[in-house]
Structure formats: structure tokens, C-alpha cells
Amino acid sequence: MFVSMSVTFFAAAFAERPLEAAAMPDPVSYTLRFPAPQTHYVEVEAVVPTGGHPEIELMMATWTPGSYMIREYARNLEGLSAATEAGAALPVAKTVKNRWRVTTRGAARAVVRYRVYAREMSVRTNFVDAGFALLNGAPTFLTLAGDGNRPHDVRVVLPSTWKTVVCPLPPPPGAAEGEGRFRAESFDALVDAPIYAGNPALYHFEVAGRPHLLVNEGEGGVWDGPRSATDVERIVREQAAFWRLVPYPRYVFFNLLVESGGGLEHRDSTVLMESRWATRRRKDYVDWLGLVSHELFHAWNVKRLRPAALGPFDYENEVYTRDLWIVEGLTSYYDSLFVHRAGLSTRGELLKALSKDIETLQTSPGREVQSLEDASFDAWIKYYRRDENFNNTGISYYTKGAVVGFLLDARIRRATNGRRSLDDALRLAYQRYSAERGFRSEEFRAALEEVAGGDLDPWLDRALSSTEELDYTEALGWYGLRFVESKGDEEDEDDGDNGDNGRNNGDAPRDALKETAGWLGMETEEREGRLFVKEVQRGTPAFDAGLNVEDEIVGLGDYRVTPDHWKDRLKTYRPGETVEILVARRDRLVRLPATFAAKPKVRWKLAVDPEATAEQKARLAEWLRASLKA
Ligand SMILES: [Zn+2]
């Protein structure tokens, strides 16, 4: 549980580092302190080499790689000052929102001090409180503008109540592990290496001779730590066997059990957020394993095999790529597949996860508006800035990318009569493009075609560049799968649990009524005991009736409605019936006649075709099989 544990743990991995190059530029050296962590501040002192220049310009990133939104991290920075090493104050002027110019007065180094407010609990921001600190590079460190290609050293001074600091970076020359000192070879490496400090539970394991560390913050006597470590190790082994190599010297899973969610990939680590209760519920736990699998897969797919635009980064401006379907979509396709191949989910759970993606895509009107490549390009202004109209105008490159991955995999298998797969194409692309440069879209496509042994362009153009519907017949036919109607939405499923279970089975009259219940196709939410329209999907009765987001629903027909009985009341109407909906819109009462429709059938649930041939069953088994020999 102490620093010394991570010392011995990582020592072997760091021992093989080459000797320092002779002409290494001077490092930027940071010291981080937490004099009052309960106030959510980290104090930063940065000793910055001036190179003898009369002025230096310091820059703070505006976004963090992997999360494509300008976040303006400089807004959390305060009290910036500069001085010589002897303590004489130096003038500082802010030049733009995220840059500061320091007059050096001939000093060889400027000592820059500032505080960062850290109370946003997410994988891409900073959080500090009395219990622990999570610091990401982009929201924490200033560096020399346009001059990040030099070492960046960090020393972390812990409050007396914290025992452990973990960062995937090695110690600087002359320092030992466990002193809380780390060296990044460049600003890129610094930004790609989160720092955690606190009193976590630590779990060590080794795969392919590389040390791995699972850092669980907040187990709280609830999270099953040993089980999570065992299962994470199985996923690592499965992915290492898939890629046939482990690209990092060591890897850290920062797993913060903080009743939040999400994950962010880094070169040699990942930050995950989850509820500590998740190991107690099967579905939540399998979802968390999927998240682990997703972020780990990124150590290959995006951190090394990557579009040319995704590194080295411009930390002050948006970077554009049409290939997020590869790095996020294909990663989403493989994440649940690896949980299954590692023996941690059932075939039913895997097919359910894939079905959910297909259903989400096929029921979003936005699929007819935005192509997959456009969704990638516009991630900055669409996916990361979703509003109530997003589903009408956009799609998720995670969701459609995963579905395209499924179809593309089946296509390659069919084209090669089962000899090759998308697995082979990814490995080939990795061999070719995982070095410094990154790939261009055409190069990745060429690797796909080489493995498929034929022209994929028309298929890829349709799937990636157009809004035409995807065709599932080929994939279903290859694996012997079919779509069946899913049981219904969650609300209907809940009905069975809400009291009258005894009468439910075989209660034909009630089921018949239910099946014909009318449907308006909008989402509502309750706020302070009142009912508001939250989202209106294009092409639904609510859309046609002119219901607006933010309308407060007051009455249905001649009767008042409340949030409590709104859904029950809706079920009393039949398709084809017209009823007046009374809403308050900016306080004015408006009557909107709406004609109920039948709820569209949801028919996107994948199931094994009962008439599947032995050959189809064998292909299905081959697809789902583990990379590891048992
Ligand atoms: Zn991802």
C-alpha cells in the first residue's frame, strides 16, 4: 500500500532504459504541493529554462487528447507569478487566454508559481480533496510555447496523510523510484501520464514480462478488488495474445471508484471512473470490464496505431480527423468482444451489447443526416456538444463505428472464406503505421483491402462517407444470426416487476391492450414536480404535433396530467386517436392536437438463427473464440 511497493514493482521495467543523450535540452522542472487539499487546490512551481532569451512565452493546453472538446483549462489557474531563482520578481503579462509572457531580465531560469483549482470529477480534468488527487497533464502544466520537445520533470510532495503517488513515468536520472519524482521525455509524454496521489489499494501483475498495476481509489469495503484485478489481468492477456506484442514497458490502470463514469486512454495507462457498487451487479460489472478492455485496446489502437492528425498534438487548437471510426469505433467493436473472448461474459451478453449499438443507430434519425466520417470530423462541435437535437442530426462514431466494425469483420471473413479477418487487418496496419508518423485514411483502407484480397472501396464509401442504410444481410448470413424483436422498452419490462407479477403470465386481455397502446415518441423529464418535454425525435407524432423541448405538459384531453401518472395515462390511448395536449410554453397556454401512432417495433436484437447450418455455427464460434489457447 505504500510508495515502496511501486518502487520494486516498476524497477525492472525502468532498468533497461538507455543512457541519457549527451545534448539533452534543459528540463522544465515542476514541484506539486497540496498544502490544503480539502480546498481543492494544487500548487505548482515550475522552474523554466529561459535559453537566455529576454522574454519567454508560457502556454497551457486548451484540450486534452482523447477528448475532443476545447475545455479552456486556463480558467482554473490563478495567482501566477514569476521570479528569478534568487527570488527577484519578474514581470508577467497575459497575452491570450492561455498564454503568459515572462520578462527574464537575463535570468537563466524563471521560477513560475501558480495554483490550479481542481474539483471537476472526470477523467480529463483535475480533482483534489482531502482524500486523494487525480491530476491530468493538460489541465495542470504550463510549458514553453512551441518548445515542448525537452524533458519535463515532476516532483510530487504529498500531504502527510497520503502514502502513495503513482504515475506511469520513470524517475529522472539520479532519482530512485518511490521518491515521488518522474521524468517525461517531452511535453507530449507529460500530458499522456496522469498522476494519482492518495491511499489506494494496489494490485500488481505481470503479462509478457511487463509489470501492470491496478490502482483502486475508493474501494470502500464494497468494490471487490481482488476479483477486479484477476479479471483485468485476463483481459490484458487476451489482448496481448491478439496483438502478439505488448508495446509499453509498464501499464497503470487508475481506477477511481468515485460514483462517476468514463475512461480516457493514455500511452502507458488509463484513467477509469466507476461506481464502487459495480462489482455487486453483473451488468454493471460486465460494463466496467468493457471499459477496461476499451481503454487498454487504445494502448495499441490510437496511442500507437493512429491517424496522422492524432499526434504530435497542437494543444491549443482543434485537430481534425475523419478516422475516429477506426480508433474509437473499432475499439468499441472489440471492447466487449475481448471481454467475451477472455471468458468474462456470455455469448448472450456479447450479442446484447452489439444489438444495443445496432438498435441505437437504426432508431436515430441522425443516421440519415450525418455520415460516419463527418461525425468524426465534427466531433468537436457535435458529439462533444450534444444538445436536445443531436439524435435528429448526428450519430455517434463510437456506435456506428462499432457496427461498421462488425460488418467489416464479417465481410473480410466472407471474402477470404474465413481465412482472414479484421483482426489480421488491424495487426497489419499496426506493423506498418504504429511508428512515429501515423496513417492516412487511404493507407488504412489499403491494409484492409490487402487482407480482404479485393476492392473494398464501394463498400467503405457507403459505410463511411454516405448516409445510406447499412446492409446486415451478409454478416447475419455468415454467422447464422438473425434479428428478432426485442421484448420492448425498459418501461414495459419494469411493469412486470411492479406489483402484479402474479397476473401477468397469460393475462391476454391486458397484454392486448398494451400492444395497441398509443405512442407519441418524445422524452419527458420531471423537474420540481412538473413535467417537461426533454427531446422530440423527428418523424414522431410529438414532432408532427409541434411539441417543443421545454414545453411544460399540463393537460391531456380535458384532464390535468402530473408527472406521476403521465406514462400510465398515455397507455389509455390507441393508435389513430387524436387528443389535445395542453402545454405551457414560456407561461402561455398552448393547445396542440396530437394523433397517436403505434410504437415502431424494435427488431434489432441479434439471436442465433435456429436454422443455422453447422458451417454457420462453426464460423460464429470461430469469431467468438479466444486468442489464447486455454
Ligand atoms: Zn475510446
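The values are calculated or read from the model by the stated rules, or taken from the named source; none is laboratory data. Computed from a prediction, not measured in an experiment: that's the story for all the values here. Ideal geometry is used to build each Cβ from the backbone, glycine not excepted, and the neighbour counts take in all protein chains shown. Heavy atoms of the whole protein, side chains included, go into the accessibility calculation; ligands, DNA and RNA do not. Shrake-Rupley method; radii C 1.70, N 1.55, O 1.52, S 1.80 Å.
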Worksheet item: Does region 300-318 hold any residues that are of a type outside the set (D, E, K, R), open to solvent by less than 20 Å² (accessible area, probe 1.4 Å) and away from the ligand (no atom under 11 Å from the Cβ), and which are they?
Response: Trp300, Leu305, Pro307, Leu310, Gly311, Tyr315
Worksheet entry | Filtered residues of region 58-82 (kept if of a type outside the set (S, T, N, Q), surrounded by 17 or more Cβ atoms within 10 Å (Cβ to Cβ) and either within 16 Å of the ligand (Cβ to nearest atom) or part of a strand (DSSP E or B) (or both)) | Leu58, Met59, Trp63, Pro65, Gly66, Tyr68, Leu77, Leu80, Ala82
Item to complete: Being open to solvent by 30 Å² or more (accessible area, probe 1.4 Å) and polar (S, T, N, Q) is the filter; apply it to region 344-363 and report the residue that is nearest to the ligand (Cβ to nearest atom).
Response: Thr360
Worksheet item: Among all residue pairs at least 6 apart or on different chains, which show Cβ distances below 7 Å where the first residue, located in region 602-630, is open to solvent by 50 Å² or more (accessible area, probe 1.4 Å) and the second is of a type in the set (Ser, Thr, Tyr) and part of a loop (DSSP other than H, G, I, E, B)?
Response: Lys605/Ser486
Practice prompt. Determine whether Gly137 is outside any strand (DSSP E or B), in contact (Cβ under 8 Å) with a residue 24 or more places away in the chain, open to solvent by 10 Å² or more (accessible area, probe 1.4 Å) and out of contact with any Lys or Arg (no Cβ under 8 Å at 6 or more places or on another chain).
Written response: no
Worksheet entry | For Gly366: the one exception among (1) open to solvent by 10 Å² or more (accessible area, probe 1.4 Å); (2) part of a helix (DSSP H, G or I); (3) over 27 Å from Ala626 (Cβ atoms); (4) of a type outside the set (Val, Ile, Thr) | (1)
Worksheet entry | Residue identified as open to solvent by 30 Å² or more (accessible area, probe 1.4 Å), outside any helix (DSSP H, G or I) and farther than 17 Å from Val47 by Cα among Ala86, Ala93 | Ala93
Item to complete: Being more than 20 Å from Leu428 (Cα to Cα), at pLDDT 95 or above, in contact with a Ser or Thr (Cβ under 9 Å, 6 or more places away or on another chain) and among the charged types (D, E, K, R) narrows it down to one of Arg347, Arg367, Arg304, so name that one.
Response: Arg367
Practice prompt. Could you please let me know if Ser293 is in a loop (DSSP other than H, G, I, E, B) and within 30 Å of Asp609 (Cβ to Cβ)?
Written response: no
Worksheet item: Which condition does Glu388 not pass, out of (1) closer than 30 Å to Lys605 by Cβ; (2) within 13 Å of the ligand (Cβ to nearest atom); (3) part of a loop (DSSP other than H, G, I, E, B), if it passes all the others?
Response: (2)
Worksheet, complete the sentence: Over region 437-485, the set of residues open to solvent by less than 10 Å² (accessible area, probe 1.4 Å), at pLDDT 95 or above and part of a loop (DSSP other than H, G, I, E, B) is Leu456, Gly480
Fill in: Residue check, Arg367 under 18 Å from the mean Cα position of the chain (by Cα) and more than 16 Å from the ligand (Cβ to nearest atom)
no
Discussion item. Tell me whether region 294-301 contains one or more residues that are charged (D, E, K, R), under 26 Å from Ile235 (Cα atoms) and more than 19 Å from the chain's Cα centre (by Cα).
Written reply: no
Worksheet item: Name the residues in region 301-323 that are within 23 Å of Asp147 (Cα to Cα) and β-branched (Val, Ile, Thr), would you?
Response: Val319
Discussion item. Looking only at region 327-343, filter to residues that are away from the ligand (no atom under 11 Å from the Cβ) and open to solvent by less than 20 Å² (accessible area, probe 1.4 Å); which one of those is nearest to Thr143 (Cα to Cα)?
Written reply: Tyr333
Fill in: Condition check for Val271: away from the ligand (no atom under 14 Å from the Cβ) and of a type in the set (Val, Ile, Thr)
no
Response to the item:
Checked region 391-416 for anything of a type in the set (Gly, Ala, Ser), open to solvent by 10 Å² or more (accessible area, probe 1.4 Å) and within 16 Å of the ligand (Cβ to nearest atom); matches are Ser396
Worksheet item: Tell me, which helices (runs of 4 or more DSSP H) lie completely within region 540-630 with 3 or more residues that are among the charged types (D, E, K, R)?
Response: 566-570, 614-624
Item to complete: Starting from region 372-384, keep only residues that are among the charged types (D, E, K, R), then list their pairs with residues that are not in a helix (DSSP H, G or I) whose Cβ atoms are within a distance under 7 Å, requiring at least 6 positions of separation or different chains.
Response: Glu373/Arg322; Lys382/Gly394
Discussion item. Condition first: away from the ligand (no atom under 12 Å from the Cβ) and aliphatic (A, V, I, L, M). Now tell me which residues in region 274-291 satisfy that.
Written reply: Ala278, Val286, Leu289
